[in-house]
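J.: Starting off with a structure, shown below.
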Amino acid sequence: MKLTEQQRAALQELVGRGVLGQDQADAVRAALDSGPTRSRRGVLWEVLGYLGGVLVLSGALLLAGQTWAELPEPARVLILTAVAVLPAGVGVFIAGGPGRVRSSRGHRARVITVLFALTAVAGAAAVGTAVPEPVGEWPWAVTGLVLAVVGYLALPAAFTAFASCAFTAALVLAAASDWFSWSVPVTTGLLLGAGLLWTVLVLTGVVAQRTALACGLAIALTGAQWPASESWPWAYGSTFVLALLLLAAFLRSRDPVLLAAGVIGVVIAVPEAVWDWTGGALSAPLIVLLAGVVLLVAGGVGLGWRRRTAR
């Protein structure tokens, strides 16, 4: 930040009183005056890094759209592999070498983790292209998960944590498709297990990034709702039980993400249950009204709790 005239005068007054030496005052003045410039430069390089990563991925997609059908399979795999390796290499270069990746901070760290996440996506696409169709979907999902986890271990951050969580969901769905023929109970159990696993990893501190908690809860809620895709009536029951567990966990940890996920689960489950119990007699406006009532009650309870704890 730029110092005002009053602040400069105050610094000089401290020099006159002997509290600071002139060299110390000059150092403080130089550090504060140069702060915004450095910050803006960091933001500029960060934006350029994001744009570069997006352009690499966009260019690969455009190339695929124009010539993909004419390219032989080895050429496709080679292109996708190059798209996977390039962001990882650039990320290591930005860090100053493999040994400095983990110590990266601020703008540099965010750019590196975005590039590592792109590597996981492109690597999964390369394996998905190379593996014959009869093998199934799981090889590319495993590849993406492994690359995302390696990226997270190299530099724990939001983007690599989110990529790891997202590829966990992809692997679960691939397994449900390849090995269990989309069995509703199995798919529901796998999604719930994967989502709750990520939730536990975050709440116990093994994974520190909040995006992983939100992603894990989204997977768990998807799993609870999965029976609804096949018109199984217990979808709202599993969603409501999960919502109660999340609200109970919130009372213990005071984590607002748990509260939001629990409220969302209740808002989804209650109208579904009423619709099922009444045989669909309620109209859409009444269901929306019911969801609104649930939200208002939850908000009122939450505000009341905040008021009592603030005293």
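The values are calculated or read from the model by the stated rules, or taken from the named source; none is laboratory data. The shown structure was predicted, so the numbers you read here are calculated from the model rather than taken from an experiment. Cβ coordinates were reconstructed from backbone atoms using ideal geometry, including for glycine residues, and neighbour counts include every protein chain displayed. Keep in mind that these areas ignore ligands, DNA and RNA; they rest on the heavy atoms of the full protein, side chains included. Shrake-Rupley method; radii C 1.70, N 1.55, O 1.52, S 1.80 Å.
J.: Sequence gap at least 6, Cα distance under 8 Å: using those rules, report the relative contact order of the range 75-174 to the nearest whole percent.
T.: Over the range 75-174, the number comes to 30 percent.
J.: Same structure again: Can you send over the carbon and sulfur percentage of the accessible area for the range 113-174, probe radius 1.4 Å, protein chains only?
T.: Within the range 113-174, the accessible surface is 82 percent carbon and sulfur.
J.: Lys and Arg at +1, Asp and Glu at -1: add these up for the other residues within a Cβ distance under 13 Å of Ala248 and post the number.
T.: Spelling it out: positives minus negatives among the neighbours equals +1.
J.: Oh, and also: Hey, what's the range 234-274 come to in accessible area per residue, 1.4 Å probe, Å²?
T.: I get 45 Å² per residue for the range 234-274.
J.: Per residue, how large is the accessible surface of the range 63-175? Use a 1.4 angstrom probe and give square angstrom.
T.: That works out to 49 Å² per residue.
J.: Order the peptides 269-275, 249-255 from the highest to the lowest mean number of other Cβ atoms within 10 Å of their residues.
T.: Most protected by this proxy first, the peptides run 269-275, 249-255.
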